[in-house]
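Data first, discussion second: the structure below is written as structure tokens.
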Amino acid sequence: MKTVHHWIGGKTVEGASGNYGPVTDPATGEVTTRVALASLEEVDAAVAAAKDAYATWGTSSLATRTAILFRYRALLDAHREDIARLITAEHGKVHSDALGEVARGLEIVELACGITTQLKGELSTQVSNRVDVSAIRQSLGVVAGITPFNFPAMVPMWMFPLAVACGNTFVLKPSEKDPSAANLLAELAAEAGLPDGVLNVLHGDKVAVDGLLSHPDVAAVSFVGSTPIARYIHATASANGKRVQALGGAKNHMLVLPDADLDAAADAAVSAAYGSAGERCMAISAVVAVGSIGDELVAKIKERAEKIKIGPGGDPSSEMGPLITAAHRDKVASYVTGAAAQGAEVVLDGTGFTVEGFENGHWIGLSLLDHVSTDSDAYKDEIFGPVLCVLRTETYEEGVALMNASPFGNGTAIFTRDGGAARRFQLEIQAGMVGVNVPIPVPVGYHSFGGWKDSLFGDHHVYGNDGVHFYTRGKVVTTRWPDPADAPAGVDLGFPRNH
């Protein structure tokens, strides 16, 4: 059986704890790999390697860093298929979806290649007589990233390329459910010329996470995952004096107004709710139908959902794959089986779905729940699976009030032909990312990704300008050089004069 080990100090380091976790092919249910789970001693070793590397990497030139990143970008591009195959094998998503994940991660590598402009400082001259003030940004040191199972390549690439471009060194703790893609990303970085220890991959569970959160040599922690864990990460790392960005869960709503193109809205709802089997924090999991359009919209969604082909991610004809684990599949199914008792109409029930020849896979079909109430479990919880809830309101105002009452504020969308309504919506809705006739408003790499309320803990969003600011800290330098033509001025104990 294949074993995934750590990547520390520029080389593969075999796990020494004696503890391993299973890695399963979601399409077959078969355990195909085991992954080493780090001890605290191995956490120390990874952080020590990063700290040693920072001594030289932190003072390296921007030209050196960007040259490596350009080579890295070329290698990632050449190995897209290899990375995508690892994602499909361990996560289960279809190959085209895995390739899309790699492409979105590459956007941030491209942003990092242009870090020279992002790190430019500021200068004010002659603020007083022969006094100049400059502002610069400097790296933090060793930083860590803790990433989720649903995007095992993209989310790490949201973090470490910017971090190392800014002059930091990085310890990545990927999900133990699908760890192989992270190792390949690190190996390609080494091939591109990234010095040993600048990027380290540490596999593990809560032991490794807590070790990073409390380690005195880790300056900052980035996290993407569920809201309860994001809250824990933020509280624990902050208590240990670390800078934290912790992105949590979501319950993303799509408001459909009576004037909307219902065919376009139905297409968007199906792709946004069921793509990647609903295992993404930007999935649309709640559609709010305004006015009398609800029945027609639900019918159109049902018609499209019934045509989606579910099968192994490696089958080119598959449009949706299995869920990551059997336990997660069962939890997702419980929201559907319990929906009717909580007042919902079960329009589509995918809980009994299986694939011929792959009966032991972690399969679930598409589910559609109508007339869902805001106090039901299917609405209140982040299901993280292919379950779409439809709620009804009479007016735009009621729809926005319903959406703003949610504790989550990650992403949202409105479908309408009315520019005035769309403009009002983007100002009134309480969410960090808004789509207007765009169902999954994930920002491009040079803008930042992040939500509001219980979807984000910390002050900084990820990547874009926020990412650069998170991985650097500001310093202001006030300088005065005497004019050689002047005689010595003597000692002046007064406050510096600005006029």
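The values are calculated or read from the model by the stated rules, or taken from the named source; none is laboratory data. For clarity, every value in this text was computed on a predicted model and none was experimentally measured. We place every Cβ from the backbone using ideal geometry, glycine too, and count neighbours over all the protein chains shown. Keep in mind that these areas ignore ligands, DNA and RNA; they rest on the heavy atoms of the full protein, side chains included. Shrake-Rupley method; radii C 1.70, N 1.55, O 1.52, S 1.80 Å.
Kindly evaluate residue 263 against the criterion of being among the charged types (D, E, K, R) and either surrounded by fewer than 23 Cβ atoms within 10 Å (Cβ to Cβ) or within 25 Å of residue 59 (Cβ to Cβ) (or both).
yes
For the stretch 32-43, which positions are among the hydroxyl-bearing types (Ser, Thr, Tyr) and part of a loop (DSSP other than H, G, I, E, B)?
39
Somewhere in the stretch 472-482, is a residue surrounded by 12 or more Cβ atoms within 10 Å (Cβ to Cβ), within 26 Å of residue 155 (Cβ to Cβ) and modelled with pLDDT of 95 or more?
Scanning the stretch 472-482, I find at least one residue that is surrounded by 12 or more Cβ atoms within 10 Å (Cβ to Cβ), within 26 Å of residue 155 (Cβ to Cβ) and modelled with pLDDT of 95 or more, so the answer is yes.
Out of the stretch 301-318, which residues are free of Cβ contacts under 8 Å to residues at least 12 places away in the same chain and among the basic types (Lys, Arg)?
307, 309
One residue is enough: does the stretch 21-38 have a residue meeting the conditions within 15 Å of residue 176 (Cβ to Cβ), touching a Lys or Arg at 6+ places or on another chain (Cβ under 7 Å) and of a type in the set (A, V, I, L, M)?
Yes, some residue in the stretch 21-38 is within 15 Å of residue 176 (Cβ to Cβ), touching a Lys or Arg at 6+ places or on another chain (Cβ under 7 Å) and of a type in the set (A, V, I, L, M).
List the number of the failed condition for residue 391; all other conditions in (1) in contact with a Phe, Trp or Tyr (Cβ under 9 Å, 6 or more places away or on another chain); (2) modelled with pLDDT of 95 or more; (3) over 16 Å from residue 269 (Cβ atoms) hold.
Condition (3) is where residue 391 drops out.
From (1) open to solvent by 30 Å² or more (accessible area, probe 1.4 Å); (2) of a type outside the set (S, T, N, Q); (3) in a loop (DSSP other than H, G, I, E, B); (4) within 24 Å of residue 356 (Cα to Cα), pick out the condition that doesn't hold for residue 329.
(3)
Look through 295, 263, 267 and report the one residue that is under 27 Å from the mean Cα position of the chain (by Cα) and free of Cβ contacts under 8 Å to residues at least 60 places away in the same chain.
267
For the stretch 224-238, what are the residues that are of a type in the set (Ser, Thr, Tyr) and in a loop (DSSP other than H, G, I, E, B)?
226 - this is the single residue of the stretch 224-238 that is of a type in the set (Ser, Thr, Tyr) and in a loop (DSSP other than H, G, I, E, B).
Just to verify a result, which residue in the stretch 238-254, among those that are polar (S, T, N, Q) and within 30 Å of residue 288 (Cβ to Cβ), is surrounded by the fewest Cβ atoms within 10 Å (Cβ to Cβ)?
245
Could you tell me whether any residue of the stretch 370-378 is over 28 Å from residue 400 (Cβ atoms), surrounded by fewer than 20 Cβ atoms within 10 Å (Cβ to Cβ) and more than 27 Å from the chain's Cα centre (by Cα)?
no
Is it the case, given these coordinates, that residue 366 is open to solvent by less than 10 Å² (accessible area, probe 1.4 Å) and in contact (Cβ under 8 Å) with a residue 40 or more places away in the chain?
Spelling it out, it is not the case that residue 366 is open to solvent by less than 10 Å² (accessible area, probe 1.4 Å) and in contact (Cβ under 8 Å) with a residue 40 or more places away in the chain.
Please identify the pairs in which a residue from the stretch 193-207 that is more than 16 Å from residue 42 (Cα to Cα) has its Cβ atom under 6 Å from the Cβ atom of a residue that is assigned to a loop (DSSP other than H, G, I, E, B) and open to solvent by 10 Å² or more (accessible area, probe 1.4 Å), counting only partners at least 6 apart or on another chain.
That search, which allows pairs on different chains as well, returns 196/9; 196/10.
In the stretch 1-31, what count of residues is obtained for those that are of a type in the set (S, T, N, Q), assigned to a strand (DSSP E or B) and either open to solvent by 50 Å² or more (accessible area, probe 1.4 Å) or under 25 Å from residue 213 (Cβ atoms) (or both)?
Of the residues in the stretch 1-31, 1 are of a type in the set (S, T, N, Q), assigned to a strand (DSSP E or B) and either open to solvent by 50 Å² or more (accessible area, probe 1.4 Å) or under 25 Å from residue 213 (Cβ atoms) (or both).
Determine, yes or no, whether residue 68 is closer than 18 Å to residue 175 by Cα, in contact with a Leu (Cβ under 8 Å, 6 or more places away or on another chain) and modelled with pLDDT of 95 or more.
No.
Tell me, please, whether a residue that is surrounded by 16 or more Cβ atoms within 10 Å (Cβ to Cβ), among the hydroxyl-bearing types (Ser, Thr, Tyr), touching a helix residue (DSSP H, G or I) at 6+ places or on another chain (Cβ under 8 Å) and under 30 Å from residue 175 (Cβ atoms) can be found in the stretch 351-362.
yes
Scan (1) more than 14 Å from residue 288 (Cα to Cα); (2) under 18 Å from the mean Cα position of the chain (by Cα); (3) touching a residue at least 24 places away in the same chain (Cβ under 8 Å); (4) not in a helix (DSSP H, G or I) for the single condition residue 443 breaks and write down its number.
Evaluating residue 443 over (1) more than 14 Å from residue 288 (Cα to Cα); (2) under 18 Å from the mean Cα position of the chain (by Cα); (3) touching a residue at least 24 places away in the same chain (Cβ under 8 Å); (4) not in a helix (DSSP H, G or I) leaves (3) as the failure.
With the requirement that a residue be small (Gly, Ala, Ser), more than 20 Å from the chain's Cα centre (by Cα), in a loop (DSSP other than H, G, I, E, B) and surrounded by 22 or more Cβ atoms within 10 Å (Cβ to Cβ), what does the stretch 185-223 give you?
197
Exactly one of these conditions fails for residue 434: (1) within 27 Å of residue 261 (Cα to Cα); (2) in contact with a Pro (Cβ under 8 Å, 6 or more places away or on another chain); (3) in contact (Cβ under 8 Å) with a residue 60 or more places away in the chain. Give me its number.
Status for residue 434: all satisfied but (3).
Scan the stretch 335-350 residue by residue and report those that are open to solvent by less than 60 Å² (accessible area, probe 1.4 Å) and on the phi < 0 side of the Ramachandran plot.
Matches in the stretch 335-350: 335, 336, 338, 339, 344, 346, 347, 348, 350.
Condition check: modelled with pLDDT of 95 or more and either closer than 16 Å to residue 138 by Cα or touching a Leu at 6+ places or on another chain (Cβ under 6 Å) (or both). Does residue 84 satisfy that?
Here the answer is yes, as residue 84 does meet what is asked.
Can you tell me which residue within the stretch 406-431, out of those that are open to solvent by less than 30 Å² (accessible area, probe 1.4 Å) and in a loop (DSSP other than H, G, I, E, B), is farthest from residue 220 (Cα to Cα)?
416
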